[in-house]
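Visitor: Below you'll find the structure I mean.
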Amino acid sequence: MGTRSRLVMVIASALAAVVVLGVALKYATRSRRPDTVVVPGVRGGGFPFAFERLRERGLRVAIPSAIHFQATSSPMVAGQTPPAGTRVKWGSVVTLRTSWGPIGSPGGPDELPVYRVPEFRGKTLGDAVAWTEGKTIYWETDLPPLPPSSAKHLFDAYVVRSQRPAAGSGLKLWVRVAGRGVRLTPLALDVGLR
């Protein structure tokens, strides 16, 4: 076999390896992520749950109007577009619409713990919400409309711009007001899109 024949064989072998590798990568990639997915039903659930369920399916989420979020009353999903059961391309956008649930009344012991409030400005809303977990406190925020988002969790799509009370302040669920019962003392967070 001549030098030219060997060169042709080497080139043909290299091309065959590239084709086989390309086909293998195509199918390996396809097995990790489907071309289409069925939109799950999230109507009636809270927004954080709905956001995570849709993201698990490889869908992006949009929320067209601002929603008020409180620790005692999570807004519920009243509708979604496209509807549950629709087959869409992986990475498609699902838009959620809101409804409001009842707002809870504070109840519990007279002696409440006081928590030292950290600095949340510049951090994600998810960081602030994680801090509240397991604590007897009340927090609230207005979430601005969310364009199609790929954030892992709903609250990670927002960043805290300001807070009340300020970092270093003491915070407890409520304070007694003479002749009026109690007044909630929320951790109020002003947020914007990341």
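Each value in this text was obtained by applying a stated rule to the coordinates, not by laboratory testing. What you see is a predicted model; the values in this text were computed from it and never measured. Quick reminder, even Gly has a Cβ in these numbers, built from the backbone with ideal geometry, and neighbours come from all protein chains shown.
Visitor: Please compute the length gained on full extension between ALA167 and SER150, using 0.36 nm multiplied by the number of residues separating them and subtracting their Cα-Cα distance. Provide the component values of the computation, followed by the final result.
Guide: On the way: separation 17, 0.36 × 17 = 6.12 nm, distance 2.97 nm.
Answer, rounded to one decimal: 3.1 nm.
Visitor: Roughly what would the spin-label model give for GLU119 and VAL175, points 7 Å off Cα along C-beta, in nm?
Guide: Label-label distance for GLU119 and VAL175, simple model: 2.5 nm.
Visitor: Which of the GluC sites (Glu not before Pro) across the stretch 116-194 are loop residues per DSSP, with 16 or fewer other Cβ within 10 Å?
Guide: Details: sites: GLU119, GLU133, GLU140; in loops: GLU119, GLU133.
Loop-located and lightly packed - GLU119, GLU133.
Visitor: Could you work out how much longer the chain between ARG53 and VAL88 gets when fully extended? Use 0.36 nm per residue separation minus the Cα distance between them, nm to one decimal.
Guide: On the way: separation 35, 0.36 × 35 = 12.60 nm, distance 1.53 nm.
My answer for the length gained is 11.1 nm.
Visitor: Please enumerate, by chain and number, the aspartates and glutamates with C-alpha under 20 Å from the C-alpha of LYS172, excluding those fewer than 8 residues away in the same chain.
Guide: ASP110, GLU111, GLU119, ASP127, GLU133, GLU140, ASP190
Visitor: Another question, then. Over the stretch 37-193, what portion of Cα pair distances is larger than 27 Å, expressed as a whole percent?
Guide: Values: 3738 of 12246 pairs.
Tail fraction, whole percent: 31.
Visitor: Let me ask something else about it. Take the Cα of ASP127, step 7 Å along the line toward its Cβ, and report every residue of the stretch 177-191 whose backbone nitrogen sits under 20 Å from that point.
Guide: Those under the cut-off are 187-191.
Visitor: I need the calculated FRET efficiency for the pair ARG33 and THR81, taking r as the beta carbon distance and R₀ as 25 Å, to the nearest 0.05. Can you show the working numbers first?
Guide: Numbers: r = 23 Å, r/R0 = 0.91.
Once the sixth-power term is evaluated, E becomes 0.65.
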